[in-house]
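Asks: For reference, the structure I am asking about is given below.
Coordinate-derived values only; no laboratory data. Everything numeric here is computed off the predicted structure, so don't read it as measured data. Cβ placement follows ideal geometry from the backbone for every residue including glycine, while neighbour counts extend to all protein chains displayed.
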Amino acid sequence: MFIDSHAHLEMKDFNRDRPEVVKRALEAGVGCIITVGTTLSDCAKALSIAAQYETVYAVIGIHPHEVKAIDAKTYDALKPMAQNRKVVAYGEIGLDFFRNLSPRDVQIRRFGEQLDLAEELDLPVVIHDREAHDETMNILKAWKGKRRGVVHCFSGDRTMARKCLDLGFYISVPGPITFPKSDKLREIVKGIPIDRLLLETDAPYLTPEPHRGKRNEPSFVVHTARRIAEVKGIPLDDVGRITSRNAKELFRLPIDIS
C-alpha cells in the first residue's frame with residue numbers, strides 16, 4: 001500500500017476526470033490520498049471531495065502565495081472546517097520567496113499566525129518552503145508549538161534535512177527524485193531514515209518519470225516510491241509499508257496499514 005501525502009485534487013486540472021483519477025490510484029495500490037487546499041474556497045472544495053471518497057482526506061490552510069488575501073474573517077472560516085473528521089492537518093503554510101506572489105513581510109507574519117492556529121486546532125502542519133530555507137527554519141525553530149508536521153516537496157540541503165528531523169518534522173519526497181539530474185536530492189534522501197519519509201505527488205505538478213511532461217496524479221506516486229527503494233536498497237513493499245505507517249501516525253489516519 002502507498003499513501004500520496006500531498007495532492008491537489010480540488011484543482012480544476014481534475015474537474016473532468018476526478019473519479020477516474022481516484023480509481024486509478026486505488027488500482028495502483030494507493031490506498032489513501034491527502035488533498036491540500038491553498039485558498040479558502042479550495043479548502044471547502046477539498047472537504048467536499050474528501051466527503052465523496054472514503055480514501056481521500058483533506059488539509060486546510062492558506063498557501064503563502066495567497067496570504068495577501070487573508071482578512072479578519074479568514075481564520076474564523078477555517079476553524080469550523082477543522083472540526084470535520086476528514087481534516088487531518090493544517091497547511092500548506094510557509095514561505096515562497098521564489099515567486100513572491102505575496103509580500104515577504106506578509107508571508108512571514110501569516111506563517112507565524114497559521115502555525116499558532118494549527119496549534120490551537122491540534123493539527124499537524126504541512127510546510128511549504130521555496131527559496132526561503134533559512135527564514136523557514138528560523139521560524140520553525142522559534143515556534144513554541146508541538147512541531148508535528150512535514151516539510152513537503154523538500155528542496156533544501158543535507159544540513160537542512162538534519163535540522164528538520166531534529167525539530168521532529170517528517171520530510172516528504174516528490175516526483176523529481178526520479179529525474180536524471182536529481183542526484184543531489186537522491187543523496188539527501190539516502191541519508192534520511194525511512195521512518196521519517198513520506199511520499200507525495202503534489203499533483204497536478206512535479207510529474208515523475210516516466211510520465212514527465214503530463215499532468216501528475218496520485219497513481220504516479222508509485223514511481224517515486226520505486227526510485228526511493230532503489231536509492232535505499234530496500235524492497236518497494238517496504239517503502240510503501242513504512243512511509244504509509246509514517247503518514248498514518250503523523251496525520252492520525254483511521255486506516256489499516258497492512
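Asks: Would you mind finding the one in Arg196, Arg252, Arg241 that is over 27 Å from Met137 (Cβ atoms), surrounded by fewer than 21 Cβ atoms within 10 Å (Cβ to Cβ), under 19 Å from the mean Cα position of the chain (by Cα) and touching a residue at least 40 places away in the same chain (Cβ under 8 Å)?
Replies: The unique qualifying residue is Arg241.
Asks: So which of Ser155, Ser172 is of a type outside the set (A, V, I, L, M), touching a Ser or Thr at 6+ places or on another chain (Cβ under 7 Å) and within 26 Å of Ala58 (Cα to Cα)?
Replies: On inspection, the qualifying residue turns out to be Ser172.
Asks: From Ser41, Ser48, Ser102, which residue is surrounded by fewer than 24 Cβ atoms within 10 Å (Cβ to Cβ) and not in a helix (DSSP H, G or I)?
Replies: Exactly one of Ser41, Ser48, Ser102 is surrounded by fewer than 24 Cβ atoms within 10 Å (Cβ to Cβ) and not in a helix (DSSP H, G or I), namely Ser102.
Asks: For region 90-144, name all the residues that are of a type in the set (S, T, N, Q) and farther than 26 Å from Val173 by Cβ.
Replies: Once the filter is applied, which keeps residues that are of a type in the set (S, T, N, Q) and farther than 26 Å from Val173 by Cβ, region 90-144 yields only Ser102.
Asks: Still on this model: Can you tell me which residue in region 149-168 is surrounded by the most Cβ atoms within 10 Å (Cβ to Cβ), limited to those that are in contact with a Leu (Cβ under 9 Å, 6 or more places away or on another chain) and more than 23 Å from Ala203 (Cα to Cα)?
Replies: Filtering first and then ranking leaves Cys164.
Asks: Can you pull out the residues in region 128-156 that are without any contact (Cβ under 8 Å) to a residue 24 or more places away in the chain and not in a loop (DSSP other than H, G, I, E, B)?
Replies: Correct list: Asp134, Asn138, Ala142.
Asks: Please work out which one of (1) out of contact with any Pro (no Cβ under 8 Å at 6 or more places or on another chain); (2) closer than 21 Å to Ser244 by Cα; (3) among the small types (Gly, Ala, Ser) is the condition Ala69 fails and give its number.
Replies: Status for Ala69: all satisfied but (2).
Asks: Something else now. Could you list, in sequence order, all residues of region 228-238 that are surrounded by fewer than 15 Cβ atoms within 10 Å (Cβ to Cβ) and assigned to a helix (DSSP H, G or I)?
Replies: Once the filter is applied, which keeps residues that are surrounded by fewer than 15 Cβ atoms within 10 Å (Cβ to Cβ) and assigned to a helix (DSSP H, G or I), region 228-238 yields Glu230, Asp237, Asp238.
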